[in-house]
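J.: Pasting a structure below so you can have a look.
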Amino acid sequence: MGRGKIEIKKIENITNRQVTFSKRRAGIVKKAKELTVLCDAEVSLLMVSSTGKIHEYISPSSTHKNIYDRYQQASGTNLWQPHYERMQETLQKLKETNNKLRKEIRQRNGEDLDELNFQQLCGLEQNMEKSVECVRNRKFHVITTSSDTLKKKMKNHEETYNSLLRQFEERDADFRFPSLDFEGDYQSTIEFANGNPQIFAFRLQPRLQSNLQDEEAYGSYGLSLA
């Protein structure tokens, strides 16, 4: 029993449509390969699915460009002319936009003002005032930001300096040498200074008071000089 005739119309179900496309695409590519081998033909095949994906096949002995050039020669049509014309139109629009922007730049620099009327000059002046205001605001913002950054750096440096100073003072206090505290009779001191040395007493007092054992072992000492 043969297969029934399939009605050729658009498949509405998306899944069935994609499955049918994959199967028939494989069949077309197979036939193109067979034509290339059996008949020594140059085949160029280009397919675009409904999802926009491109599938292509070209005979190993040729390229798409060569086949398109041969088609143009045989048919007398120019496939690239419409694309070239569109490119020329786009290029012309870009040139016009570029010239317009260059003219506006010159006018903002005070050049080519002869073509402008009074209203255009007033509009240009307002635009330049707005531009100056934006530049000025940006300048003040940069100055404020830089000032705040410098203040933070100064504060960090001061904190680091105070911390190092405290550490230095604490370390210096631990290694400070004992001081000599001279005590004695005022009259004896005067006589010693006048060339008549008498008893001259002085006491050695250590500054380190943190260790009680050191205080008991190294108390006050009286030294007498005759």
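Coordinate-derived values only; no laboratory data. This is a predicted model, so every value here is computed, not measured. Using ideal geometry, Cβ is built from the backbone for each residue, glycine included, and neighbour counts are taken over all protein chains shown.
J.: In µm²/s, what is D for segment 118-175 at 20 °C and 1.002 mPa s, where D = kT/(6 pi eta Rh) by Stokes-Einstein and Rh is the Kirkwood radius from Cα pairs? Let's see the in-between values first.
T.: Values: Rh = 15.6 Å.
Rounded, D is 137 µm²/s.
J.: Per 0.36 nm of contour for each residue apart, how much would the distance between Gln167 and Ser50 grow if the chain were fully extended, relative to their Cα-Cα spacing? It would help to have the intermediate numbers written out before the result.
T.: Working: separation 117, 0.36 × 117 = 42.12 nm, distance 7.81 nm.
Roughly 34.3 nm would be gained on extension.
J.: At a threshold of 8 angstrom on Cα-Cα distance, excluding pairs fewer than six apart, so keeping six or more, what relative contact order does segment 1-96 reach in percent?
T.: Numbers: 44 pairs, mean separation 13.4, N = 96.
For segment 1-96, the relative contact order is 14 percent.
J.: Once amide H atoms are built 1.01 Å from N in the peptide plane, which residues 5 or more positions from Ile58, or in another chain, come under 5 Å H to H?
T.: Under 5 Å from the amide H of Ile58 lie the amide H atoms of Leu45, each far enough along the sequence or on another chain.
J.: Between Ser146 and Asp112, how high is the FRET efficiency from 1/(1 + (r/R0)^6) when r is the Cβ-Cβ distance and R₀ = 35 Å? Nearest 0.05.
T.: Values: r = 38 Å, r/R0 = 1.07.
Here the calculated transfer efficiency is 0.40.
J.: Under a point spin-label approximation (7 Å from Cα along Cα-to-Cβ), what is the Ala74-Lys9 distance to one decimal in nm?
T.: Going by the 7 Å Cα→Cβ label model, 3.6 nm.
J.: Also, I was wondering about something else. Rounded, prolate or oblate for segment 14-79? Axes are the square roots of the Cα gyration tensor eigenvalues, ordered a ≥ b ≥ c, and the cut-off for rounded is a/c under 1.5. Please list the in-between numbers first.
T.: Working: a/c = 3.01, a/b = 1.53, b/c = 1.97.
In terms of gyration-tensor shape, oblate.
J.: Obtain the nm distance between the two label points defined at Val19 and Glu89 by a simple spin-label model: each point lies 7 Å from its Cα along the Cα-to-C-beta direction.
T.: Label-label distance for Val19 and Glu89, simple model: 4.4 nm.
J.: While we're here: Take the alpha carbon gyration tensor of segment 48-125, find the square roots of its eigenvalues, order them as a ≥ b ≥ c, and report rounded if a/c is under 1.5; if not, report prolate when a/b exceeds b/c, else oblate.
T.: Values: a/c = 4.82, a/b = 3.22, b/c = 1.50.
Prolate is the answer for segment 48-125, as a/c is 1.5 or above and a/b outweighs b/c.
J.: Please compute the modelled spin-label separation between Thr63 and Asn98, points set 7 Å along Cα→Cβ, answer in nm with one decimal.
T.: According to this spin-label approximation, the distance is 2.9 nm.
J.: Tally Lys and Arg at +1 and Asp and Glu at -1 over the other residues with C-beta under 13 Å from the C-beta of Val37: what net charge comes out?
T.: Values: positive: Lys30, Lys31, Lys33; negative: Glu34, Asp40, Glu42.
Computed value for this residue: 0.
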